[in-house]
Amino acid sequence: MRWLRYLNQWRGTAKEAFEQVSIVAKFLCLIHVTDRYIISSTHVQGPSMLPTLNLTGDVILAEHLSHRFGKIGLGDIVLVRSPTDPTRMVTKRVLGLEGHRLSFSADPLVGDSSISVVVPKGHVWIQGDNLYASTDSRNFGPVPYSLIEGKALLRVWPPRFFGSLR
Amino acid sequence: MHVAENHILEKAILDMGIQTLIWQVTKKAFTGGIIGLTISDRFCSVVPVRGDSMSPTFNPQRDSYLDDYVLVDKFCLKDYKFARGDVVVFSSPSHYKERYIKRIVGIPGEWISSTEDVIRVPEGNCWVEGDNKASSLDSRTFGPVSPLCSPLTHYFFTDSEHSFGVNSRTGHSCRVASSKTTQTWWIKLLEKEKGET
């Protein structure tokens, strides 16, 4: 008889605990959906996008809607899953869509030899702005469109560089 | 006069009732949708298998009207560690909206012999092939697949006739539903993979 009473006492607390946990769970799910499907912030660093992005690291806002609707255009800065290491994300600029013919020089330091490629269907050509310090499509070839995960919108940190990326 | 006012009042209350009802329903649907989306992104989701490029593993009967449905596990997307013999779902390199389901036959660094020459699978890519070699559009056509871009893999299968769980990654123990047919299927699959590799 006594344990029945205890059970009743705990039922109220358990119900409340469940409510609180479910609120937290719903909130986390909302964060996940926003981060994956709408807009997210990323910290990018490295020399491959100088002078657009700083060497020491910037925080940029990236949106994840355009690539689902196929609206990635030439000159967009995109977040791409690296084709050589799928656990890493790289930020580069799209310089060629499918069907475009591009020519680039194999070694920008040395200089004159130029290679011409046609971007195959379903792929894009990405390149860093800093040609001398960037491993991009000149090294690993055109990347499949499905590896694109987001398009950079604007830079939010450091504050003096706040603004849209072009 | 009073009757007319009462009618208007009643109508106003009814309208509010319907509005709150609609609001409640939308809220519940929205919450449910978000939770479902999170679960299907992070834990597992169900994917139909079309075509017979993976017979007899999936869709063994050619003219059955029902597709096999596969439970796809998403935990592996944390590390992207795949082994030979895994069945994976990936986006086609030439049509990013289409998703294919095939088996990994070569992991990065291995040499695969195709019709004319021997190809080395580059880092970060995988060589996939369907089980039914005769009718399968796979790496023999479009080359090594870049990191199984997009939602992926691992196979439990539930189909219209029997539901059983098999983890066909070699070396993993699997939780199998207790039924004789299930266990024999698992043993058959394991043997088949051993034979292949």
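The values are calculated or read from the model by the stated rules, or taken from the named source; none is laboratory data. Keep in mind the model is a prediction, meaning the values are calculated, not measured. All Cβ positions, even for glycine, are placed from backbone atoms using ideal geometry, and neighbour counts span all protein chains on display.
Residue check: is A:Gly73 farther than 21 Å from A:Arg160 by Cα, small (Gly, Ala, Ser) and away from chain B (no Cβ under 14 Å)? When the stated conditions are applied, A:Gly73 passes them. Among residues of the stretch B:5-35 being touching a Cys at 6+ places or on another chain (Cβ under 9 Å) and either more than 30 Å from B:Leu71 (Cβ to Cβ) or not hydroxyl-bearing (Ser, Thr, Tyr) (or both), the one that is surrounded by the fewest Cβ atoms within 10 Å (Cβ to Cβ) is B:Ile35. Within the stretch A:36-57, the set of residues being closer than 20 Å to A:Asp136 by Cα and within 13 Å of the chain's Cα centre (by Cα) comprises A:Thr42, A:His43, A:Val44, A:Gln45. Among strands (runs of 3 or more DSSP E) entirely within the stretch A:73-166, having at least 2 residues that are within 20 Å of the chain's Cα centre (by Cα) singles out A:77-81, A:89-96, A:123-127, A:148-157. Take B:Lys102 and tell me if it is under 16 Å from A:Thr84 (Cβ atoms), free of Cβ contacts under 8 Å to residues at least 60 places away in the same chain and either assigned to a strand (DSSP E or B) or within 18 Å of the chain's Cα centre (by Cα) (or both). When the stated conditions are applied, B:Lys102 does not pass them.
Look at the stretch A:19-33: where a residue is at the interface with another protein chain (Cβ under 9 Å from one of its Cβ atoms) and a partner is among the hydroxyl-bearing types (Ser, Thr, Tyr) and surrounded by 11 or more Cβ atoms within 10 Å (Cβ to Cβ), sitting 6+ places away or on another chain with Cβ atoms under 7 Å, you get A:Lys26/B:Thr31; A:Cys29/B:Thr38; A:His32/B:Thr38; A:Val33/B:Thr38. Does at least one position in the stretch A:37-55 carry a residue that is free of Cβ contacts under 8 Å to residues at least 60 places away in the same chain, part of a helix (DSSP H, G or I) and loosely packed, with under 12 Cβ neighbours inside 10 Å? Yes, the conditions are met somewhere in the stretch A:37-55.
Among the numbered conditions (1) modelled with pLDDT of 90 or more; (2) among the charged types (D, E, K, R); (3) exposed (fewer than 11 other Cβ atoms within 10 Å of the Cβ), the only one that A:Arg11 does not meet is (1).
Contact map, the stretch A:150-165: first residue in contact (Cβ under 8 Å) with a residue 12 or more places away in the chain, second residue assigned to a helix (DSSP H, G or I), Cβ cut-off under 6 Å, separation 6 or more or different chains; pairs are A:Lys151/A:Ser66; A:Arg155/A:Phe161. Screening the candidates B:Lys11, B:Lys27 for the property of being at negative phi and within 14 Å of chain A (Cβ to nearest Cβ) yields one hit, B:Lys27.
The numbered conditions (1) within 25 Å of A:Ile72 (Cβ to Cβ); (2) in a helix (DSSP H, G or I) are all true for B:Gly124 except (2). Just one residue in the set B:Arg42, B:Arg62 is under 30 Å from B:Glu98 (Cβ atoms) and modelled with pLDDT of 80 or more; that residue is B:Arg42.
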